[in-house]
Amino acid sequence: MEPRWAESGRDGPGDDGQWGHQPPSSLFLQLPSNATLRFRGPVAKAWGAALDQEEPPGFPPDQDGGEAREQESVPLKQLPLCMVEKRRLRLQEQQAAKKWSHWERWRVEMRHLREQVGGALLYAQVWRDSLHRIEGHFGTGIQSYFNFLRFLVVLNLGGALLMVGFVVAPNAAFEALQLNQTQRLENSMVNSSCLEYDPSKRGLVSYFTYLMDLLSGTGFMELTYLFYGYYQNSAVDFVGFSYNIPLAYLLSTLAFFSVCLFWIVRRAVHLLKRSLVSENGALNTYSNKVFAGWDFCLTPGTMVHLKHNSLRYELRMDLEEQSLRWRMAQRSPSQRAALYVLRGVLNLLVVVLLGAAFYCIYLATKYAQQSQDSDQGQQGVFVRLLVAYLPSIVITVANQLVPLAFGFIVRLERYPLSLEIKLTLFRSVFLRLSSLLVLLFSLWIQITCHGDPDASSCQICRYNHQQHPCWETSVGQEMYKLLIFDLVVVLVVMLLVEFPRKLLVTHGPAIMGRLWGQQEFLVPPNVLDLVYGQTVCWVGAAFSPLLPLLNTFKYILIFYLKKLTLFSNCRPADRTFRASSSNFFFLLVLLLGLAIAWVPLLYSVFALQPSQACGPFRGEPTMWSTLLAAIDALPRVAREFLQFVGSLAFAVPLFLLLCILMFYLMVLANSYSRLVKELKGQLQLEGRDKVFLVTQITELS
């Protein structure tokens, strides 16, 4: 970095009372940063030596376009320079362009083309104007929620195109064209009772029965492309090409999950860089909030006043945290022991609440599954619908009420405010995602007879055929009902809670408006709702191929509903979150939901026996056997290559190579961390230099 006096070309005091083009050497030696000059590498030494060299005032000499080529990776308009500097760099680039080779010219042209294409794609983004309007009225914190919602819409749309393009559309085309389908041979050793599966209703069916089937996914809905059980275990031969439906089903499902994993990780790594910079402890100072905390995207009006309140709240929270840490340091050992005992009791209460919620989900799932096969004719339509949605109702009630208890308990634990928010979010995330695991565990107990295939109910078919003749469709039905009920809850809350509250606060008695207040748009709970719904979609995607498409329509509808209620009923929350940190936190929780969805998928593919009466994998010991059979049918060279890739001879060297790569990255990260610490120390020295120079100027004046 050149000193400002060498860069600006202005003269300073010299022998005649005015500075020349270089500072006095004695003044340079007195700078605090000069004491560490010999420890800071050759670049810093060259910087110090440049002070003793005679250079003409004004701009630095042209380095034959080298500086322009160094800035080539960054567009000129994004450089933090004044217009004079930008004009100088533009002139240097034009002069150096005459000496460039054809390769350099082609590279610059390609860079300009990428910028133009990127600008065109920027205008083609979905909901671009809506997001800018939300950002202008409510800031970047609430806009991050809608950005995350748009990302989920695109993610589900990509998965829906994959599943529809390779699973649903080919099966529909083959059935419409009535092509010859070669049925795979079924195992002759299978008991005939295991092949019984007929979900269609007999006789006269009422309208309410069709409505019940539509909402619960039973009856005629089981004989549609929505669920696993409708697909055939056959291969279609046409125009010299064979399309293996089971293999396409398995590979499309694995590809959907892999694409989601790659897409989320790529986006999370990109946002992690911003999060590490913005959430660095060195930057979270009072001066940063006062001088750099304003959101210039806000339009004048009420939102400016709310942003003022938000900044005041952040400063107050920082002061309260410092005061709380000071009080914590002043506590006696007996007070600390009493506080730890209190926290232990409260955490035990949290565990009890979680256990009670999980046990209620287990009982609701068990009762709903047992009631669907008994006394259906004696129950009314509404009662049958209520029983079918009983697990979804219990999960939703637990997800709404238990976090309220968490918010009350965490205040008694006397944590700092920032830790209170993080701890409450962690407990809420654990509750929502674990509730799905409890539901899946309850279904697994019923399907596999508590994991005992020799039990009386599972001895014939190796799974509970009487209660779940097509267990994959049963799992898909539960996820389908959770998706429908989640959308219903959003509509009910908006119509029966948020709109009436807005009317009461606006047009009701003044005392009610002060006590209740206007609805706040809380970003973390709304994001947790999206993550929960996306996890439900992932869990059911393997057993309901059209579920990603339904989830896409659901999120599109939620976007417009949330936008409507945001502008009509809500105001920003007092406790705001930075967009950089919250975006990465959202993707981290989403990755956790995807990891949970991988568990039932991998278990179903590798360990659990498919249903014998339905689906594309009927007659197979596992779903993975379909891929092994397809590999055995390949030519010898391709078969041997794939077998080598799946053998230990390939896996062990790959594992060792990955370990070496991971060790190298760890060493590289460690070196970078040391470099960052050194740079932070240099920044502190530069700050002391400024204080020293200001002191010298004050004394001279």
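Read-outs: derived from the displayed coordinates by stated rules, not from any lab. Since this is a predicted model, take the numbers as computed values, not measurements. FYI the Cβ positions are ideal-geometry reconstructions off the backbone, even for glycines, and counts take in every protein chain you see.
Centroid-to-centroid, using Cα positions, region 83-116 and region 521-576 are 45 Å apart.
The ranking of I142, I484 by Cβ neighbour count inside 10 Å, starting from the fewest, reads I484, I142. Note: relative contact order over region 338-492, using C-alpha pairs below 8 Å and six or more positions apart, is 25 percent.
Backbone geometry of region 633-639 corresponds, through the Karplus equation with coefficients 6.51, -1.76 and 1.60 at θ = phi - 60°, to 3J(HN,Hα) couplings of 7, 6, x, 4, 5, 5, 5 Hz, x marking Gly and Pro. For region 553-701, the spread of Cα positions along the three principal axes, ordered from largest to smallest, is 93, 55, 24 Å. Per-residue extension of 0.36 nm, minus the Cα-Cα distance of D632 and V691, leaves a gain of 13.7 nm for this segment. With a Förster radius of 60 Å, plug the Cβ-Cβ distance of S568 and S332 into 1/(1 + (r/R0)^6) and report the FRET value to the nearest 0.05. With a Förster radius of 60 Å, E is 0.70. Distances between placed amide hydrogens fall under 5 Å for Y231 paired with G615, all partners being 5 or more residues away or on another chain.
FRET efficiency for the V492 to A169 pair, using the beta carbon distance and R₀ = 30 Å, is estimated at 0.30. Between L419 and Q95, the distance separating the two model label sites (each 7 Å from Cα on the Cα→Cβ line) works out to 6.0 nm. One chain, two ends: W516 and K201. Fully extended at 0.36 nm per residue, the span grows by 108.3 nm beyond their Cα-Cα distance. Computed from backbone phi, the HN-Hα couplings of region 554-561 come to 5, 6, 5, 5, 5, 4, 6, 5 Hz, rounded to whole numbers (Karplus: 6.51 cos²θ - 1.76 cosθ + 1.60, θ = phi - 60°; Gly and Pro given as x).
The modelled label-to-label distance between N191 and T506, using points 7 Å beyond Cα along the C-beta direction, is 6.4 nm. Between R411 and L346, residue separation times 0.36 nm minus the direct Cα-Cα distance comes to 22.4 nm. 3J(HN,Hα) couplings calculated from phi for region 382-395 with the Karplus curve 6.51 cos²θ - 1.76 cosθ + 1.60 (θ = phi - 60°) are, in sequence order, 5, 5, 5, 5, 5, 5, 5, 9, 4, x, 5, 5, 5, 5 Hz; Gly and Pro show x. Ordered by the count of other Cβ atoms within 10 Å of each Cβ, fewest first, T626, T224, T448 give T224, T448, T626. Each residue, D237 and L272, gets one label point 7 Å from its Cα in the Cβ direction; the gap between the two is 5.1 nm. Say R0 is 30 Å: what FRET efficiency, to the nearest 0.05, do K677 and V265 get from their beta-carbon distance? With a Förster radius of 30 Å, E is 0.60. Only the Cβ atoms of Lys and Arg (+1) and of Asp and Glu (-1) were treated as charged; on that basis the dipole of region 523-680 about its Cα centre amounts to roughly 620 debye.
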